Amino acid sequence: MQQFIEKYRAQIMGVLSGFDRLVLRGSLRRLNIGKFDPSLRAFVAKGMEEYCWQNKLLFKDYAQHVKTVSERLKKASLQPFRQQDLPVMFVQSPSVDKDALARKVAEERKISSGLVCAISALEPSPTFEHKGTHMIRRVRPSHVLYHYQVHPEVGWMYARIQTWFPFIFRLA
C-alpha cells in the first residue's frame, strides 16, 4: 500500500486505513425520500412517486416498467463477462459462500487479474410496490448480481448490484 501511496502522492487528497478493506455503499437517494404513514402502516415513497410522475408512468404500469429497466441493467452488467466467456452463475441457496465460489473459479481458470465471474442470487432487499394511491417501500426477494474481479493493485474485489429499484449497490 505504501508503494501505491508514494507513486500517486500528488494525486491523493487523503488516505483511509482500516483492518481489511474499504466498503462503498450507495443507492439512488431521491427515490428513497418519503415518510411513514400510520394509516397504511408503511413507508410512503414520495421519491418513487415523483419518479413515476416525471416519467409519465402510471402506478398500474410500475411493475412492467421496473421489469424492463431491470432486464436492461442485467444485460448490460453481464455483457463483459459473457464477451470474455466467463461464468455467470445463479446461486439458489443462501448458505452458499459466493466469495469462496468466485475464488474457486479464479483458481481453476488461473485468473490473477481482471474479471473473474458473476454470481446472481435472490436476496431480501428494499424495493417499492404500488398500493392504492401510493408507492410504498417493502422488503422483498430481489435479484442481485455479484461481480468478482482481481484488480492488479487493489486485489480481490466485488460489486453487489441490486437489479430492482432502488438499485442499492455495495463495492468491497
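Throughout, read-outs are computed from the coordinates displayed, never taken from laboratory work. Quantities reported herein were computed from a predicted structural model and do not represent experimental measurements. Quick reminder, even Gly has a Cβ in these numbers, built from the backbone with ideal geometry, and neighbours come from all protein chains shown.
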Which ordering of W164, W53, W156 is given by a fewest-first count of other beta-carbon atoms within 10 Å? W53, W156, W164
Filter on K35/K131; K46/K131; K74/K98; K46/K98 - keep pairs with C-alpha separation over 23 Å: K46/K98
Candidates E108, E123, E50; GNM for the chain (alpha-carbon contacts under 10 Å) flags as most fluctuating E108
What is the distance in Å between the Cα centres of region 136-166 and region 60-98? 10 Å
Listed residues I111, I136, I119, most fluctuating in the chain (Gaussian network, C-alpha, under 10 Å): I111
Over the chain: helical MRE at 222 nm, DSSP H runs n ≥ 4 each giving -39500 (n - 2.57), nearest 500: -8500 deg cm²/dmol
About its Cα centre, how strong a charge dipole does the chain have in debye, to the nearest 20, once Lys and Arg get +1 and Asp and Glu get -1 at the Cβ? 420 debye
Each label sits 7 Å from Cα toward the beta-carbon; between Y8 and N55 the label points are separated, in nm, by 3.3 nm
Please sort through the DSSP H helices of the chain and keep those with an alpha-carbon extent of at least 27 Å along the long axis and a Kyte-Doolittle average not below -1.0. 62-83
Place +1 on the Cβ of every Lys and Arg and -1 on the Cβ of every Asp and Glu in the chain, take the dipole about the Cα centre, and give the residue among Y8, F90, F169 whose Cα lies farthest towards its positive end. F169
Given the options E129, E107, E49, state which has the largest fluctuation in a GNM of the chain using a 10 Å cut-off (strictly under) for Cα springs. E107
Which of V150, V23, V144 comes first, and how do the rest follow, when ranked by fewest Cβ neighbours within 10 Å? V23, V150, V144
Ranked list, fewest to most other Cβ atoms within 10 Å of each Cβ, for R160, R103: R103, R160
Computed FRET value (nearest 0.05) for V154 with R41, which takes r as the C-beta separation and R₀ as 45 Å: 0.55
